[in-house]
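Below is one structure, written out as structure tokens; the observations come after it.
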Amino acid sequence: MGFWNDFSFWFVFGCRHIININAWDHLSILMLLVLNTQKIQTILLQISAFTIGHALSLTAFLILKFKIPSCLIEWLIGMTLVGYSFTIVFKIKRLKTFKYHYILIIGFGLCHGLGFIQPIQLLLSSQSLWSTILGFNFGVELAQLVVSCLFFLFYLLLYTLCNHRVYTILGYSISLSIGIFALLVSLQRLFVCF
């Protein structure tokens, strides 16, 4: 297959990676990014920062052929969700400043990118590394942007229909629920490793 055939295969694969109920970690981080920011431009920049981190770790590990136990990667992914949800719930101001916030989001992307290395390595043998990396990450980016815009519209509707206090309590409740769920999943995956 040629570059564009490989690219389109991986583009669709990347989209399906996000628009999938098993992608609870990606959907959760997108929901948290939307909850933490009320401006669509900022949300779109944050999604791109997340994808940059995702692409960097995926590219580095595919080129260098590192192996990390998947249970440790899954634990780390869950812990990024725990950390980010708790920064929202407990209003940790320092991490909300521009510099720290984007470093944190790129860090989340780095961790989440590690989670897809093994499935891609299994399918990569006959295809170009660059068409795989580019196609997959562009697919992930497009799907994340679409899902984030849908989340944003949903929260905009809630904001319009509810008073500010209800909207705020709902946002904290969602953040806390994601954090607790991610903590439970992370602990379970950590116990699987040992």
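The values are calculated or read from the model by the stated rules, or taken from the named source; none is laboratory data. This structure is a prediction, so every number in the text was calculated from the model and none was measured. We place every Cβ from the backbone using ideal geometry, glycine too, and count neighbours over all the protein chains shown. Keep in mind that these areas ignore ligands, DNA and RNA; they rest on the heavy atoms of the full protein, side chains included. Shrake-Rupley method; radii C 1.70, N 1.55, O 1.52, S 1.80 Å.
Being at pLDDT 90 or above and open to solvent by 40 Å² or more (accessible area, probe 1.4 Å) narrows it down to one residue among 145, 129; which is it?
145
How many residues does the range 86-115 hold that are aromatic (Phe, Trp, Tyr), open to solvent by 30 Å² or more (accessible area, probe 1.4 Å) and at pLDDT 75 or above? Here the count works out to 3. Among helices (runs of 4 or more DSSP H) entirely within the range 1-105, having at least 2 residues that are closer than 18 Å to residue 180 by Cβ and out of contact with any Ser or Thr (no Cβ under 8 Å at 6 or more places or on another chain) singles out 24-36, 70-89. Only one of the numbered conditions (1) surrounded by fewer than 16 Cβ atoms within 10 Å (Cβ to Cβ); (2) closer than 16 Å to residue 141 by Cβ; (3) among the β-branched types (Val, Ile, Thr) is violated by residue 21, and that is (2).
Checked against (1) surrounded by fewer than 22 Cβ atoms within 10 Å (Cβ to Cβ); (2) more than 18 Å from residue 77 (Cβ to Cβ), residue 10 passes all but condition (1). The residue list 107, 53 contains one member that is in contact with a helix residue (DSSP H, G or I) (Cβ under 9 Å, 6 or more places away or on another chain) and within 22 Å of residue 189 (Cα to Cα), which is 107.
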